[in-house]
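Reviewing the structure listed below.
A short reminder: the numbers here are calculations on the coordinates, not readings from a lab. Just so we're clear, the structure is a prediction, and the values are computed from it rather than from any experiment. Reconstructed Cβ throughout: ideal geometry from the backbone, glycine too, with neighbour counts over all protein chains shown.
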Amino acid sequence: MKLGAYDFLRKPIGMESVKLVVERAIERKSLVDENRYLHKQLEDTFSFSRIIGKSKKMRDLYALLRKIAPTKTTVLIQGESGTGKEVVAKTIHYSSPRKNKRFIAINCGGVPETLLESELFGHTKGAFTGADRTKQGLFEAAEGGTIFLDEINTAPLSTQVKLLRVIEESAFIPVGAIKEITVDVRIMASSNIDLNKELSSGTFRKDLFYRLNVVRIFLPALRERREDIPLLADHFLQKFCREQKKTVRGFTPEVVEWFLRHDWPGNVRELENAIEHAVTLCSDDIIQVGDLPTSITSPTPEAGLSAIKFPFKKAKETFEKEYIVDILKANGGNVAKSARMAQIARQNLHEKIKRYGINAKEYASA
Ligand SMILES: Nc1ncnc2c1ncn2[C@@H]1O[C@H](COP(=O)(O)OP(=O)(O)OP(=O)(O)O)[C@@H](O)[C@H]1O
Ligand SMILES: [Mg+2]
């Protein structure tokens with residue numbers, strides 16, 4: 001069996017058992033094939049060719065990625081929200097010798113402070129109230145692979161000390177344990193704010209920063225590489241056409257103009273969402289301005305456009321959306337209060353909030 005046999009037959013051999021064994025072997029073979037196929041697919045998804053962009057900034061990035069991917073170097077990825085930090089981290093992993101081991105991402109801000117340490121390093125049974133069994137941490141689960149500490153700036157100082165130790169010694173002690181565990185894990189981290197500023201305010205440890213900062217990748221905002229917009233737009237158009245089984249051949253020149261003019265505060269993610277929205281609404285074989293989300297075609301003073309350039313319906317919707325956002329801001333995201341101020345029924349306001357895809361919670365007073 002150990003030499004690669006799938007099964008064995010007991011004598012005397014009956015036709016039924018031969019059939020069963022052959023069937024089992026075929027099933028197993030196809031599972032192995034499928035596994036190989038899935039792995040190959042994952043690799044393809046994160047080969048460099050999946051990071052779209054031909055601007056100088058992106059070409060410099062590819063050159064850097066090619067150099068650091070084969071190594072075990074710690075990498076710190078900085079960039080605004082939606083600039084592709086996670087895509088880059090995955091790309092590095094799947095282009096590295098570690099690609100057959102796991103890539104584990106954890107959002108340090110997405111886990112309550114008290115749980116982050118046990119998530120990362122695991123805990124022993126009884127280490128704290130509620131720890132009713134021993135749990136393996138993500139560092140152990142990522143053995144031989146890569147761990148991506150997303151939004152590392154949100155990690156509390158106590159966890160930062162432990163992270164520093166893992167980087168320096170490749171070792172850590174699970175919560176409540178005595179014995180140290182040694183691991184071989186590549187560490188990557190991301191931050192959407194400038195960590196240098198956190199250093200002076202004392203919320204981020206200097207020693208950890210310097211350890212993480214062996215190679216720092218700055219991902220440019222989309223507005224700093226506008227020449228990549230048409231390329232990305234085409235890429236996402238194809239993606240959503242495939243997903244939605246639609247045939248849309250492109251964008252009107254006016255749409256491209258809006259794309260090039262917009263500031264993209266949400267970067268590539270915002271562009272991706274805008275195109276998904278447009279493909280969904282598009283009833284023609286070309287994306288028109290009317291298919292775009294109003295957030296992109298809102299007349300902004302900077303763009304020097306006036307609302308009269310819009311059809312009445314679009315102008316009204318644009319105004320309505322801005323009005324609702326302003327009133328929510330003024331009321332700290334409280335829908336009931338906002339409805340009272342606007343003198344409309346709460347239900348009515350709820351419907352509008354939903355229709356325009358507004359997230360009232362975003363305006364909750366901190
Ligand atoms: N250069 C790129 N080429 C193709 N797709 C990209 C590129 N950059 C980002 N994307 C896509 O944009 C979306 C956002 O990317 P990602 O999640 O990596 O951003 P992020 O920087 O981690 O954002 P956040 O700070 O909000 O977590 C993803 O769907 C990703 O596939
Ligand atoms: Mg991210």
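Things to note:
- Trypsin sites (Lys or Arg not before Pro) restricted to DSSP loop in region 98-129 with at most 14 other C-beta within 10 Å: Lys125
- Among beta bridges identified by DSSP and lying wholly in region 48-220, the antiparallel ones come to about 15 percent.
- Stretchable slack from Phe312 to Thr247, in nm (0.36 nm times residue separation minus alpha-carbon distance): 20.5 nm
- Cleavage-rule hits, trypsin sites (Lys or Arg not before Pro), region 227-292, DSSP coil, Cβ neighbours within 10 Å at most 16: Lys245, Lys246, Arg249
- Percentage, to the nearest whole number, of Cα pairs in region 48-220 over 23 Å apart: 40
- Taking a straight line from the alpha carbon of Lys56, these aspartates and glutamates sit under 14 Å away, with near neighbours fewer than eight places off in the same chain left out: Glu224, Glu227, Asp228.
- Between Met341 and Asp263, the C-beta separation translates, for a Förster distance of 22 Å, into a calculated FRET efficiency of about 0.15.
- Partner lysines for Lys313 [C-alpha distance under 22 Å; skip if fewer than 8 residues away on the same chain]: Lys321, Lys352, Lys354
- Restricting region 150-236 to trypsin sites (Lys or Arg not before Pro) that sit in a DSSP loop and have at most 15 other Cβ atoms within 10 Å of their own Cβ leaves Lys179.
- Projected label distance in nm at Ile286 and Asn213, using a 7 Å step from Cα toward the beta-carbon: 5.1
- Pairs from the list Lys135/Lys179; Lys67/Lys101; Lys67/Lys90 with a Cα-Cα gap above 25 Å: there are none.
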